[in-house]
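What follows is one structure encoded as structure tokens, with my remarks underneath.
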Amino acid sequence: MTDSRRLTGPNLYWDRPSAIIDVEIEGSPEPVIQAWEAAVKQWLDQAGYPDEKTCFRVFEGGASLLISAPIDVLYSMCELNELAWASALSACSSGPKPDPDEEVPRLTRLFDEERNPSLLNLQAAAHEHRVPFLWDDDEVSLGYGKTCRSWKPDELPAPCGLNWSGFGTVPLALVTGTNGKSTTVRMTAAIMTAAGFGAGLTSTDFIRVGNRLIDSGDYSGTGGARMLMRQPDVEMAVLEVARGGLLRRGLGVECADVAVVTNVAADHLGEYGIHSVQDLIPVKFIVRRALSANAPLVLNADDEGVAAYADTLENAVVWFSLDPGNTRLQKSVAGGQTAAWLERDWLMLAGQGDPRRVARIAEIPATMSGIVRHNVRNALAAMCVASVLDIGDDAIREGLAAFKGDEHDNPGRGNWFEHRLDGGIVRILVDFAHNQHGMEALAETINQVPSERVILLIGQAGDRLDEDIAALVRAACSVRPDQLLVADLPGYERGRKPFEVAELIRSEAIRNGVPAEGTRIFPSPQEATAEALRSAQPGDLLVLLALTQRAEALALVHDYISRGASRHG
């Protein structure tokens, strides 16, 4: 057994909260899974939960095994699941057999101590009244935004004593995908703000309502979703939904008005039994489980994997594309449905009348007049979300124009700087590209920017597969770097030796044509950034992929620019 955890919301397997274990299996999985199912039934009967269900997913080298559970006994059900697995191993390999005389009293005690009928009663009443219900170990809530009320789990009110009409919701969007999540979320929030709403957002960097920063850190999981939706000043919300949170806990909310899948590409493969892009696509589409009746998915029609998977679903779809001739897009427009696309220099929107121009690319700073194609896609996705939420064209245009894409609006993602040096210009790009798909999109931009030399800083965490690291490097080499500064990422070895990933990157870069003498390894991104700035010459383009120590890298860039300004002031 490699992991045991709770799935507290809708998840990859079903909508049920569950106890899940991930296990390694050698040989045929059928016998041990059958033994596990039999053991689960036995232990559920003993614990007094005979009606709970099981399901499983087999993958290369193992399986995920689930037992559904009421939300008040998920910890105890995890114990039961582990016990069932031990029983299955015993049945299949003559290992030690759990003793019912010891385990039944232990299970009974665990379930009795955890059981909370008041929590289940409140949950059932919330569903009956169609009121948002949020829960965790410390807090239980009804309603979103200004209507939200919260209680401690051991101090819950009786449903009959509540004024259910006083609890309400707010328009809510979910955004997931391999790349572009954070930028799309922030563009969408900028549009919501332009429309006059108190816009709440969660992301991998912070959680915020309007200009009020609630906290910094990674809030792209269930905890961030609950924290945001409990804020009294949230009037519209957009949540970044990351793969890790979906697989560890499921969704943090049960109901949303629209959900975006920006794209799906190879990243984090090999974790939680997800070994391929085809495995990963359904993970991203978990967001559809939160969609209320008729609420649409907003999907990238240019991503064939996403589009093909959507064809197997019954959800309504709003398509966006850079190609006005995209078949799915054209069919949607012909049917009078909402869709968005790029046509020459304009973002176009169909639905609610004839197709119309909404925003000129030149007026959307984050796209650099269309050079940054991936941000054109992100803008199209944000525009679709806004349209679904009945935000008008003027606010869409104003919001996209207000989103600068700089380090304040979008820290570490497409942040451009210019510095005058000895009669020339040094251009600096700080970005977060960390997989092949993201690097290919960034390379498309870099190759359109004139430069005498390209100095590229790159690194990667140790939990990526060797082949995925190699694919990232090959994509990076397409910008033909004159110097490659490889940064080790201390604290992100994740099972590898220090500098192991850096050596892999350097070797792959040399195999792909980067001169060995132009490739160096540094102990950290901060030290690599300092060297890139020190060696910069007029006409250089510095591409700093600061996956860690981003604040330190940005501080060095600002210091470099300010020192230059003082010399020339």
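The values are calculated or read from the model by the stated rules, or taken from the named source; none is laboratory data. Keep in mind the model is a prediction, meaning the values are calculated, not measured. When we count neighbours, we look across all protein chains shown, and the Cβ atoms used for this are built from the backbone with ideal geometry, even at glycine.
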Just to be sure, is V260 surrounded by fewer than 20 Cβ atoms within 10 Å (Cβ to Cβ) and over 23 Å from K146 (Cβ atoms)?
no
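Tell me the residue from A359, A382, A366, A339 that is in contact (Cβ under 8 Å) with a residue 12 or more places away in the chain and over 20 Å from G177 (Cα atoms), please.
Working: A382 fails: over 20 Å from G177 (Cα atoms); A366 fails: over 20 Å from G177 (Cα atoms); A339 fails: over 20 Å from G177 (Cα atoms).
Selected residue: A359, the only one of A359, A382, A366, A339 that is in contact (Cβ under 8 Å) with a residue 12 or more places away in the chain and over 20 Å from G177 (Cα atoms).
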So if I check each of R212, R186, which one is of a type in the set (K, R) and buried (at least 22 other Cβ atoms within 10 Å of the Cβ)?
R186
Would you confirm whether any residue within the stretch 522-540 is at pLDDT 95 or above and closer than 25 Å to L269 by Cβ?
yes
Suppose the filter is in a strand (DSSP E or B) and out of contact with any helix residue (DSSP H, G or I) (no Cβ under 6 Å at 6 or more places or on another chain); does S165 pass it?
no
Just to be sure before I move on: is A441 within 19 Å of L544 (Cβ to Cβ) and crowded, with 17+ Cβ neighbours inside 10 Å in the structure I sent?
yes
Across the stretch 229-272, what is the total count of residues that are over 21 Å from H434 (Cα atoms) and part of a loop (DSSP other than H, G, I, E, B)?
14
Count - residues of the stretch 342-356 that are surrounded by fewer than 24 Cβ atoms within 10 Å (Cβ to Cβ) and touching a residue at least 12 places away in the same chain (Cβ under 8 Å)
10
Restricting the stretch 188-224 to residues that are among the small types (G, A, S) and part of a loop (DSSP other than H, G, I, E, B), which is nearest to A237 (Cα to Cα)?
G198
Given the conditions (1) more than 24 Å from D3 (Cα to Cα); (2) of a type outside the set (A, V, I, L, M, F, W, C); (3) modelled with pLDDT under 95, and given that G270 satisfies all but one, which numbered condition is not satisfied?
(1)
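Name the residue, out of R208, R248, R212, that is touching a residue at least 40 places away in the same chain (Cβ under 8 Å) and of a type in the set (K, R).
Numbers: R208 fails: touching a residue at least 40 places away in the same chain (Cβ under 8 Å); R212 fails: touching a residue at least 40 places away in the same chain (Cβ under 8 Å).
Answer to the selection: R248.
State all residues of the stretch 419-439 that are within 19 Å of the chain's Cα centre (by Cα) and either at pLDDT 95 or above or assigned to a helix (DSSP H, G or I) (or both); if no residue qualifies, say none. Please lay out each step first, then the result.
Quick first cut of the stretch 419-439, residues within 19 Å of the chain's Cα centre (by Cα) only: 431-439.
Answer for the stretch 419-439, where residues must be within 19 Å of the chain's Cα centre (by Cα) and either at pLDDT 95 or above or assigned to a helix (DSSP H, G or I) (or both): Q436, H437, G438, M439.
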